[in-house]
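Data first, discussion second: the structure below is written as structure tokens.
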Amino acid sequence: MAKDRITLTGLQVQAHHGVFDFERENGQLFVIDVVAWLDLSPAALSDDLSATVHYGELAEEVVAAVAKDPVDLIETVAERVAQVVLAHPPVDRVEVTVHKPQAPLSVPCADVAVTIERTR
């Protein structure tokens, strides 16, 4: 497993996930953190973008994955993001955290989040 990583922190997406009708109708903010483990030495030695993962494109892909097709659970959103990241061949492992800071709870809470880790 690679020890190098590319990290995207705080990607913000307005999406319509949740188990309640009002969540799907009104939408809410989701914040996504991604850590992709891969060997960065080929890119560093060659100075060639094709030897790594273009983090700008990856960010766009993650945002698109979160914004599409509403689902009930943020666990499902996290899995969707993980599969997008693992679709990039240099990535060996990914950690995804999906934050739902506006989660409808009956008590004050700054954030609800799930974190998953997947490997190729």
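No value in this document is a laboratory result; all are computed from the given coordinates. In this text the structure is predicted, and so the values were computed from the model without any measurement. With ideal geometry, Cβ positions are generated from the backbone for all residues, glycine too; neighbour counts draw on all protein chains shown.
Among the residues of segment 96-112, just one is within 19 Å of R80 (Cα to Cα), over 12 Å from the mean Cα position of the chain (by Cα) and buried (at least 16 other Cβ atoms within 10 Å of the Cβ), namely K100. Of the listed requirements (1) out of contact with any helix residue (DSSP H, G or I) (no Cβ under 8 Å at 6 or more places or on another chain); (2) within 14 Å of A103 (Cα to Cα), H16 misses just one: (1).
Residues in segment 1-46 that are aliphatic (A, V, I, L, M), surrounded by 12 or more Cβ atoms within 10 Å (Cβ to Cβ) and more than 18 Å from E60 (Cα to Cα): A2, L38, L40, A43, A44.
To keep it simple, each residue is scored yes or no on (1) touching a residue at least 24 places away in the same chain (Cβ under 8 Å); (2) in contact with a helix residue (DSSP H, G or I) (Cβ under 8 Å, 6 or more places away or on another chain); (3) not polar (S, T, N, Q).
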residue: N26; (1), (2), (3): no, no, no
residue: L29; (1), (2), (3): yes, no, yes
residue: W37; (1), (2), (3): yes, no, yes
residue: L58; (1), (2), (3): yes, yes, yes
residue: R80; (1), (2), (3): no, yes, yes
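For V91, are the conditions met, namely being hydrophobic (A, V, I, L, M, F, W, C), crowded, with 17+ Cβ neighbours inside 10 Å, closer than 20 Å to T115 by Cβ and in contact with a His (Cβ under 9 Å, 6 or more places away or on another chain)?
So V91 fails the test.
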